[in-house]
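Below you'll find the structure, written out as structure tokens, and then a few comments.
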Amino acid sequence: MRILHVVTAFPRTPDDVIVPWLVELLKRLQVAGHDVEVFTSSYRGAPDQVFAGIPVHRFRYFPRRWENLTHEEAAPDRMKRSWLYRLMPACFVGAGMAAIWRLCRRNRYDVIHVHWPLPLALFGWAAQCARPARLVTTFYGVELRWVKGALPFLKGFLAWAARRSDRVVAISNYTAGELRELADVSIEVIPYTTSLPEVAPAPAPTLSEARDGTGPVLFVGRLVERKGVAHLLAAIARLAASGGRPRLEIVGDGPERPALEALAERLGVAGRVVFRGQIPPAELQASYARAAVCVLPSVLDARGDTEGLGVVLLEAMNHGTPVVASRVGGIPDIVEDGVSGLLVPPGDADALAAALQRLRDDPALARRLGEAGRHRLHAQFSWPAIVQRWLDLYTGLVTRPR
């Protein structure tokens, strides 16, 4: 099969951290014997290239000096900066449609796979106008929440994008549910995943500390509103007030950090909380291994955005570390409450504190949840499992009579 992936942005250099999971998926599809290529935007005049063995077709859409709508930050955030960036999307869409039309006139693809359908569904349409091909569209959720909250007049566009696709994919059941509110279409749920290191057994003292409840509570993620870290700090304060001695490690950085540090002071738990910022990969893996529990207390933020999936939970599960998370967004696709972790209502500090206390009081439960989480990770979210699901979808699509 020859598959063209259509994306807003793609890595330019090996140290570019954009969509690492997609790069890994494409490399594994190549290993499986398929030809994969990428169609994406340029950045300050960047030309076509071969990245990690993957041909990348880049289209120009603006003079080199200002051609930076994508890659460094999300286009919607960039568009808030100035009138120039608010005008740029029209150039982006027009140039992209023309470029993909020319590409598909030159090359024949079996499948056009559109990621981020707002506005890239137009690129898929232009590609099919140039030459017939099967169309797959993946919805990630944030585009649905963005349109519903800020651009409701584009709901019809997303419904159109879903209805004209040969296959519609969502990264979680939550996202699938959001999409069904706009379009009554068949939706397949295929999550993305992350590359995880082989985990060596932890030293016995470290493992004992982590699993008997005396290890630290761990949060990993960007410090933004939707991560719900303020509620985790409140839960730590409740545990401390009831006589517990919780310790919290916060790994990651972001715009909310000063406010969260101030909140920890006001709650009287600053001495129990360590803000570690960004740390090297090896230190991060060691943090997962020694943690008593990893917590993802996500909420629905003021813009209506929330957790698309919750990949940090998979990273914790890789170490057999029990997880506690909010029942919101795509998180319930990863965590089966009471089986592979514990789920609590989003924004409920009392429930979060109770879940943490429950694991501290019942080390056997913590160990059982950790092992079940590790098993679920390998069965449902390992790369072989994810790649096979994509291969089944593509193969079924291409072999189906038109």
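Every number here is computed from the coordinates shown, using simple stated rules; none is lab data. This one's a predicted model, so the numbers in the text were calculated from it and none came from an experiment. In this analysis, Cβ positions are derived from the backbone assuming ideal geometry, glycine residues included, and neighbour counts consider all displayed protein chains.
If I model a spin label as a point 7 Å beyond the Cα along the Cα-Cβ vector, how far apart are those points for PHE51 and LEU365 in nm?
So the two model labels end up 4.5 nm from each other.
At a 10 Å Cβ-Cβ cut-off, how would you order THR395, THR193, THR13, fewest neighbours first?
On the way: THR395 13, THR193 20, THR13 8.
Ordered by Cβ neighbours within 10 Å, fewest first: THR13, THR395, THR193.
Where the centroid of each part is defined by its Cα atoms, how far is the stretch 1-46 from the stretch 290-308 in Å?
What the calculation gives is 28 Å, centre to centre.
For the stretch 131-204 and the stretch 336-402, what is the centre-to-centre distance using only Cα atoms, to the nearest Å?
Answer, in whole Å: 18.
Compute a Gaussian network model of the chain, connecting alpha carbons closer than 10 Å, and tell me which residue from ARG222, ARG163, ARG65 fluctuates the most.
ARG65
With the cut-off at 18 Å, report for the stretch 92-173 the share of all Cα pairs above it, as a whole percent.
41 percent
Given the peptides 184-191, 140-147, arrange them by the average over their residues of other C-beta atoms within 10 Å, most packed first.
Most protected by this proxy first, the peptides run 140-147, 184-191.
Which order do the peptides 169-176, 312-319 take when ranked by the mean count of other beta-carbon atoms within 10 Å per residue, highest first? Working shown, then result.
Details: 169-176: 22.2, 312-319: 24.6.
Final packing ranking: 312-319, 169-176.
Give me the distance in nm between label points sitting 7 Å out from Cα along the Cα-to-Cβ direction at ASP301 and VAL398, one decimal.
Placing both labels 7 Å along Cα→Cβ, they lie 3.9 nm apart.
Given springs between every Cα pair under 10 Å in a Gaussian network model of the chain, which of ALA133, ALA52, ALA230 has the largest fluctuation?
Largest GNM mean-square fluctuation: ALA52.
So if I restrict to the alpha-carbon atoms in the chain, what is the Rg, and what is Dmax, the biggest pairwise distance, in Å?
22.3, 70
Once R0 is set to 51 Å, what does the formula 1/(1 + (r/R0)^6) return for the Cβ-Cβ distance between LEU151 and ARG358, expressed as a FRET efficiency to the nearest 0.05? Show your work: numbers first, answer last.
Details: r = 42 Å, r/R0 = 0.82.
Here the calculated transfer efficiency is 0.75.
Report the residue, chosen from ALA289, ALA349, ALA46, that carries the largest GNM mean-square fluctuation when the chain is represented by alpha-carbon nodes joined by springs under 10 Å.
Looking only at ALA289, ALA349, ALA46, the biggest GNM fluctuation is shown by ALA46.
How big is the stretch 204-380 along each principal axis, measuring the range of its Cα positions in Å and listing the largest first?
38, 35, 32
If I take R0 = 30 Å and measure r between the Cβ atoms of ALA98 and LYS27 in this structure, what FRET efficiency does the formula 1/(1 + (r/R0)^6) give, to the nearest 0.05?
0.55
Just subtract the alpha-carbon distance of SER382 and ARG180 from 0.36 nm times their residue separation and send over the number in nm, one decimal. Before the final figure, lay out the partial values.
Details: separation 202, 0.36 × 202 = 72.72 nm, distance 2.72 nm.
Additional length available on full extension: 70.0 nm.
Cα-based Rg of the stretch 300-402 per 2.2 N^0.38 Å, rounded to two decimals?
Ratio of Cα Rg to 2.2 N^0.38 Å: 1.31.
Could you put LYS80, LYS155 in order, starting from the residue whose Cβ has the fewest other Cβ atoms within 10 Å?
Details: LYS80 8, LYS155 15.
Sorted ascending by nearby Cβ count, the order is LYS80, LYS155.
Using the alpha-carbon atoms, what tilt in degrees (0 to 90, nearest 10) does helix 281-290 show relative to the longest principal axis of the chain?
Once rounded, one gets 40 degrees.
Relative to the first principal axis of the alpha-carbon coordinates of the chain, what is the inclination of helix 117-130, with its axis defined by its Cα atoms, in degrees from 0 to 90 and to the nearest 10?
The two axes meet at around 30 degrees.
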